[in-house]
Structures are given as structure tokens and as C-alpha cells.
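For reference, the structure is listed below as C-alpha cells.
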Amino acid sequence: MFFSSEIGIELGFFGPWHLLQIFISAFVIFLIYYFRKQLRDFKHEKKFRYIVAGTLLVLELSLHFWYIANNDYHIAHILPLNLCTINIYASIVIIFSKNKKLFNIVYFWGFGALLSVLFPDMSYGPDRYRYYQFFYAHMMFLWIYMYMIFVHDYRPGLKDLKRSCIVLFVLAIGIALPVNLLMGRNYMFLLEHGGTPLEIIHGYGALSYLIGVILVIFVIIIIWYSPIYWYLKKNKKI
């Protein structure tokens, strides 16, 4: 039953089981910030990063086995076109290799983790494996990004912001949208809100919704980047 795809205890938005994960997510970020110097000087820091990368990889791969076990596995589960899935695989590479160039592109898409924790697009509660897999896979790539910022002082600049937006636009419109139309999927929520707060721009036609999603994403990216921007500006690095 624990690994079943049938919903048992239903997750309620901002109910106790949802608030617990929000608290854990925020608390771990606090710990990363508070112990940033100790983590930076930790003699086994490299091994620690490898363990984190391996843990997240196993957690993500376990989702594929979960689909298989529940007879619900098809090509849509293989294609990493959801923004969070892209972030998960990218963060594994980043924490393993300290790839700064990759970080400077995908960091701006990290808001997906925050939104997924605040507004999860699934209903499984704590009596199902999917509940833990969903939250911890999303929270881990958020923690990895915070780790690179606080522990290794990664600070993407304005040029990185522009480059990231261009890459995301190409991925969304050039790849995800055609796949959505051909396969009847909804990667990056480009065709419908899927129960997310994007519902507020739904109902004005498909083209208006698509344009609205793109605009909302870019606005959120700017808001997400603003703390780093002001940090760089304050320290006269931009």
C-alpha cells in the first residue's frame, strides 16, 4: 500500500502534512546558511557533495520504478521536460562537479522548487511513497542551489540572467510546446494550469494563456533573482 498509486490520506493545501514539508525546507536552508563556513572548510566536503548527488539521483530514479510498479510507465515519464525535472538532473551535475556555468543558467529556474513545495501538483499524503519522493526531490535541488550560493559563493550575474531566459524560452517554445501538442502532455504547464496558481490566467484562450505563462515565468525569475542582484549591487560587483 505504501508504494501504491492510489490516494490514501489526501494532502491538503497548507494542512499539517504540507506545512511540515514547508518548515523542513526552510529549516534546512537556514542550517546551510548558518553552517556555511563549517561546510566550506569541512575536510570531507567533496564526499558530502557526492553523497548528496547520489541521494538525489536515487530519489529521482526511484520515481521511474514507482511508475513501473504501478503499471503507469510510458515515454512521457522518460522525457525530462518539466522544469523541476530539468533542475533535478542539473543540480545533480552541479553538486557533483561544481559546474558553475551550468549553475549560472539553471539557478534562475530554481523557483520551480519553491512553487512546487508551496503549491504541490499532487495529492498523495504521508501514507504513500510518492509524498516523500515528490517533496524531497524538489526540496533537494533547492537545497543544492542554496548550498552553492552560501557555501561556495556562486553568484550569477545579469548576463547569466539574460542567457538563462533565452535558453528557457527555447526549451519551452522550441521543444516542450511541440511535444505537448504532439503527445497531449502539459510540460511546464504551457497548455493548462494543472491546479496551480496559473489558474488565474486561464480561461482567455490558449494563446493568451501561453503568453501569460511565459510572462509570469519571467516575472518570477526576476523576483527570484532580486536578492542576488541587490547583493551584487551593494558590493559593487555589477
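A few notes on this one:
- Between residue 44 and residue 30, residue separation times 0.36 nm minus the direct Cα-Cα distance comes to 2.9 nm.
- With the simple model of a label 7 Å out from the Cα in the direction of the Cβ, residue 153 to residue 119 spans 3.7 nm.
- Label-to-label distance for residue 204 and residue 170 is 2.9 nm, based on points extended 7 Å past Cα in the beta-carbon direction.
- Shown for the chain are the DSSP H helices of 15 Å or more along their axis, judged by Cα atoms, with a mean Kyte-Doolittle hydropathy of at least 1.6: 16-34, 83-97, 206-234.
- Cα-Cα separations in the chain greater than 33 Å, expressed as whole percent: 19 percent
- Build a GNM of the chain with springs between Cα atoms under 10 Å apart, and of 176, 53, 76 the one that fluctuates most is 76.
- Simple spin-label estimate for residue 233 and residue 73 gives 5.0 nm between the two label positions (7 Å along the Cα-to-Cβ direction from each Cα).
- Normalising the average separation of contacting C-alpha pairs (under 8 angstrom, six or more residues apart) by the number of residues puts the relative contact order of the stretch 27-172 at 35 percent.
- Sequence-distant aspartates and glutamates (8 or more away, or on other chains) whose Cα lies within less than 17 Å of residue 98: 41, 45, 153, 160
- CD proxy at 222 nm, helix term only [per DSSP H run n ≥ 4: -39500 (n - 2.57); per residue of the chain; nearest 500]: -21000 deg cm²/dmol
- C-alpha center-to-center spacing [the stretch 1-78, the stretch 88-158] in angstrom: 9 Å
- Considering only 175, 92, 78, the mean-square fluctuation computed in a Gaussian network model of the chain, springs between alpha carbons under 10 angstrom, is largest for 78.
- Gain on full stretching of the segment that runs from residue 2 to residue 55 - 0.36 nm per residue minus C-alpha separation: 17.1 nm
Taken together, the values in this text are just the output of simple stated rules run on the coordinates, not laboratory data. None of the values given here were measured: they were computed from a predicted structure. Cβ sites come from the backbone with ideal geometry, for glycine too, and all protein chains shown count toward neighbours.
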